[in-house]
Structure formats: structure tokens, C-alpha cells
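Undergrad: Quick one: this structure, given as C-alpha cells, is what I'll be asking you about.
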Amino acid sequence: MSEINIRHAGPDDAAAVHAIYAETEGYRNTLQLPYPPAALWEQRLQQPAPGVYSLVAESAGEVVGQLSLIVNQRPRRRHCAELGMGVAARARRDGVGTRLLSAALELCDQWLQVSRVEITVYVDNPAGIALYRKLGFVEEGRARAYAFRDGQYCDVLMMARIRPTA
């Protein structure tokens with residue numbers, strides 16, 4: 001894979017981001033639903049909600065990954081954010097997830113005053129769990145029957161990364 005460029009997502013990226021989450025693994029390993037309408041991503045990227053930052057990963061001029069960072073807007077939880085991400089099937093295991101997540105963590109640590117980043121990951125997603133552990137996330141618990149997927153309730157790991165102190 002060529003060099004991976006991380007940048008802020010814009011409305012022109014909606015079709016490419018929609019395609020990532022329309023892939024089976026794109027909705028299976030997130031809380032997205034199958035057959036997502038294109039208008040969903042057009043709206044999200046055109047008018048992001050307060051505290052939402054959307055990044056994309058580009059390789060050879062093509063969007064191959066997306067990450068949403070949602071900074072909590074409640075006064076006592078403004079130091080916290082959660083995230084979700086997807087990587088196109090053709091770009092998995094090429095460092096896209098690492099680059100996206102590293103960029104989001106830098107944004108949190110250096111610019112947004114976010115010291116706690118949270119994520120939920122399905123227990124049967126070893127690649128996701130390994131990525132989060134590699135970048136400093138630790139397991140804080142297991143939520144049983146957290147989400148309905150493939151006709152059954154599935155467990156997730158609740159993971160978080162606290163900004164390292166200097």
C-alpha cells in the first residue's frame with residue numbers, strides 16, 4: 001500500500017465513507033446497520049454534531065478508512081471522548097487503523113484537552129482488540145448482550161485509554 005494520509009473528512013468524502021460501512025465487516029463490527037443510506041453520511045459530514053471530529057485515511061488518493069471522534073459535551077465529562085472507525089476490506093492489515101487511531105489520539109492529547117478515550121469492541125474482533133491494546137487501551141470490563149448482531153446478542157469489551165502523564 002502507498003503512503004497513508006490522514007485528514008479531516010468533508011462532504012466530498014461521503015460516498016467513499018458510505019462504501020466502507022456498506023461492506024459486511026463495516027457494519028458487522030460497528031453499531032451501523034446493513035444497507036446504510038448514502039444520505040446518512042452526507043448529512044454527518046455536511047453538518048457534524050457539536051464535538052464530533054471525522055477523520056479519513058487516504059491511500060493513492062482513495063479514502064480507505066474513517067474514524068469518528070465524539071467528544072463528550074457534558075461539563076463533567078468534557079475530558080472524555082469515544083470513537084468508532086471503519087477500514088475498507090482492501091486496506092485492512094496495512095496500517096490504516098493504526099494511523100487513524102494515532103491521529104485521533106494526538107488530536108485528543110495535544111489539542112482537545114481530552115484525557116480519556118473510550119471504545120467498545122466486539123469480543124470476537126481480535127484484530128480490533130490488538131490494535132487498541134497496541135495504542136495503550138486497556139480492558140475495563142465486559143458488557144454482556146451489548147448489541148444485537150447476526151440474529152443474536154453479542155458481548156463487547158469496554159476499553160479506554162487514559163492520556164499518559166509526562
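No lab work stands behind these numbers, since they all come straight from the coordinates. What you see is a predicted model; the values in this text were computed from it and never measured. Note that we place each Cβ from the backbone using ideal geometry, even for glycine, and neighbour counts take in every protein chain shown.
Undergrad: When the chain is treated as a GNM, springs tying every alpha-carbon pair under 10 Å, which of Gln43, Gln152, Gln66 comes out with the largest mean-square fluctuation?
TA: Fluctuation is largest for Gln152.
Undergrad: Right, another one. Find how much the distance from Arg144 to Asp109 grows on full extension, using 0.36 nm per residue of separation minus their present alpha carbon separation; answer in nm with one decimal.
TA: The span from Arg144 to Asp109 would gain 9.5 nm if fully extended.
Undergrad: With +1 on the Cβ of every Lys and Arg and -1 on the Cβ of every Asp and Glu, and nothing else charged, how large is the dipole of the chain about its Cα centre, in debye rounded to the nearest 20?
TA: Around 640 debye, computed over the chain.
Undergrad: Further question: Where does the charge balance sit around Tyr27 when Lys and Arg score +1, Asp and Glu -1, over other residues with C-beta under 13 Å from its C-beta?
TA: Local charge sum for Tyr27: -1.
Undergrad: Suppose R0 equals 30 Å. What FRET efficiency, 1/(1 + (r/R0)^6) with r the Cβ-Cβ distance, do Arg163 and Tyr35 give to the nearest 0.05?
TA: 0.20
Undergrad: Related question: Among Ala60, Ala88, Ala16, determine the one that fluctuates most according to a GNM of the chain built with springs between C-alpha atoms less than 10 Å apart.
TA: Result: Ala60 has the largest fluctuation of those listed.
Undergrad: Can you tell which of Val96, Leu69, Val114 lies farthest toward the positive end of the dipole of region 4-117, using +1 and -1 charges on the Cβ of basic and acidic side chains (Lys, Arg; Asp, Glu)?
TA: Of the options given, the answer is Val114.
Undergrad: Continuing with this model, one more query. P(r) of the chain in 10 Å steps, Cα pairs, percent per bin?
TA: Taking every Cα pair in the chain, the percentages come to 10, 39, 40, 11, 0.
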